[in-house]
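Computed from the coordinates by the stated procedures, all read-outs in this text should not be read as laboratory data. Predicted model, so just to flag it, every value in this text is computed and none were measured. Heads up, the Cβs are rebuilt from the backbone with ideal geometry, glycines too, and the neighbour counts pull from every protein chain shown.
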Amino acid sequence: SERIDKDILILRNVKDISTIFKAADIYVSPIVSKGLTLAYPLSIVEAMATGLPVVCTKAIAEEEILTDGEEGYFIKAKDSDEMASKIIKLLNNPVLRKKMSMKAAERAKTHSWNIIANSYKKIYEGLS
């Protein structure tokens, strides 16, 4: 792991992500290519399931996963100013963060393993 700020720690090779999610206030994923997430943004749903509001690009999640302004925020790819703005907004507003947290946990319940499996199945079928 690498500490880049008193409040920001970059982790690598985490075995039990649930403990990390439980200690976090926000989940941020600035990934700009869907190829890095395969078919389904599982990390987004896992974060939402633990009640984390999400800040991410549309490259990693779509409206079927997250509604902008409800469970978190979409940001433009490679727009660090917008990303910082959304993070600061959530950190400075605990009421908003709590509201989004509750909505994120509820929304995550709509993403069953069947939906996730079907998403991956479509990818594999496209390979043959």
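Only aspartates and glutamates eight or more places from Lys15 in sequence, or on another chain, were considered; those with a Cα closer than 16 Å are Glu46.
Estimate the FRET efficiency between Met102 and Asp79 by the formula 1/(1 + (r/R0)^6), using the beta-carbon distance for r and 25 Å for R0, to the nearest 0.05. The partial results should precede the final answer.
Working: r = 27 Å, r/R0 = 1.09.
It comes to 0.40.
Given the options Arg12, Arg107, Arg97, which has the most mean-square fluctuation in a GNM of the chain, springs set between C-alpha atoms less than 10 angstrom apart? Its mean-square fluctuation being the largest, the pick is Arg12. Of the options (i) 42, 15, 12; (ii) 24, 17, 15; (iii) 29, 17, 14, only one is semi-axes √(5λ) of the Cα gyration tensor in Å as computed from these coordinates, and that is (ii). Only helices enter the 222 nm calculation for the chain: every DSSP H run of n ≥ 4 contributes -39,500 (n - 2.57), and dividing by all residues gives -14000 deg cm²/dmol, rounded to 500.
Using Cα pairs closer than 8 Å and at least 6 residues apart in sequence, work out the relative contact order for segment 25-123, in percent. The partial results should precede the final answer.
On the way: 141 pairs, mean separation 34.4, N = 99.
Relative contact order for segment 25-123 comes out at 35 percent.
Between Lys122 and Glu64, the modelled labels are 0.4 nm apart [label points 7 Å from Cα along Cα→Cβ].
The modelled label-to-label distance for the pair Lys89/Ile8, using points 7 Å beyond Cα in the direction of Cβ, is 1.9 nm. Apply the a/c threshold of 1.5 to the C-alpha gyration tensor of segment 68-108 and tell me whether it is rounded, prolate or oblate. Note, shape of segment 68-108 comes out oblate.
Listed by chain and number, the lysines placed with their C-alpha closer than 22 angstrom to that of Lys98 are Lys22, Lys86, Lys89, Lys109; residues fewer than eight positions away on the same chain are left out.
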